[in-house]
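The values are calculated or read from the model by the stated rules, or taken from the named source; none is laboratory data. Quick caveat, the model's predicted, so the values are computed rather than measured. So basically every Cβ, Gly included, is an ideal-geometry build from the backbone, and we count neighbours across all protein chains shown.
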Amino acid sequence: MKPHFGVDVDGVLAHHLPAMIEIVLELTGLSVSPDQVTDYYFAGLIARDQMEQVFTRCMERAMELPPMADYHLVNELPGAVTIVTHRPAEVAEQITKEWLHQHGIRYDGIVFTKGRKSETGRFDYFIDDAPLNALDLAASGATTYLMGWPYNRDSHFGEHDHRVVRVAGWQDVKSHLESIQAWPHRLS
């Protein structure tokens, strides 16, 4: 049976942090470097209600977000791919699907959730950038690849550390899957 992969959008497929930093500057006048963002919600830098405005503006600019380096490797994952995002469906469903189509990203299903990603299906592997999602998914039994960002670099997962694989990008995901023989080698 082929494995089931869950894949997040922002921070995994879409390179979102520069846009968020730009919007923070526009809204607050605060110039922030990526290394200062030690929390996805910019905790300690701006107020939570301002972050809601940042997220709203990010959705308005979602089609402009560039893809992550080597994002095309998602199309080579050896199994079913379900996109799972916390983007709000009511404002993001159409634009997210258009963005995925524009960048030629294949998927077998897409889920917009406000809840826990682990409750949206059974996943063998999941690629995400949020530490709480990684912990939840690892606890549910999924090998979880955590895309490296400044806001998750200090995260720890306790007894589930062995299920969370830190990766710098899509090449690392592929390399790890190859190392455990879960990525088929193709003959040239």
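Numerical summary
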item	result
Complete set of residues in the stretch 57-91 that are without any contact (Cβ under 8 Å) to a residue 12 or more places away in the chain and more than 29 Å from Phe123 (Cα to Cα)	Glu60
Output for the stretch 12-57, where each listed residue is under 20 Å from Val91 (Cβ atoms) and among the small types (Gly, Ala, Ser)	Ala14, Ala19
Residue in the stretch 73-81 that is at pLDDT 95 or above and closer than 26 Å to Thr38 by Cβ present	no
Filter result for Gly109 (surrounded by 13 or more Cβ atoms within 10 Å (Cβ to Cβ), of a type in the set (Gly, Ala, Ser), under 19 Å from Leu77 (Cα atoms) and touching a residue at least 40 places away in the same chain (Cβ under 8 Å))	no
Given (1) under 16 Å from the mean Cα position of the chain (by Cα); (2) modelled with pLDDT of 95 or more, index of the condition Arg122 fails	(1)
Residue match in the stretch 173-185 (condition: part of a loop (DSSP other than H, G, I, E, B) and of a type in the set (Val, Ile, Thr))	yes
Qualifying residues in the stretch 15-31 (those that are of a type outside the set (A, V, I, L, M, F, W, C) and within 13 Å of Gln50 (Cα to Cα)) - the one surrounded by the most Cβ atoms within 10 Å (Cβ to Cβ)	Thr28
Candidates His160, His103, His185, filtered to the one that is surrounded by fewer than 13 Cβ atoms within 10 Å (Cβ to Cβ) and either in contact with a helix residue (DSSP H, G or I) (Cβ under 8 Å, 6 or more places away or on another chain) or modelled with pLDDT under 95 (or both)	His185
Single condition Thr82 does not satisfy, out of (1) over 14 Å from Arg106 (Cα atoms); (2) in contact with a Gly (Cβ under 9 Å, 6 or more places away or on another chain)	(1)
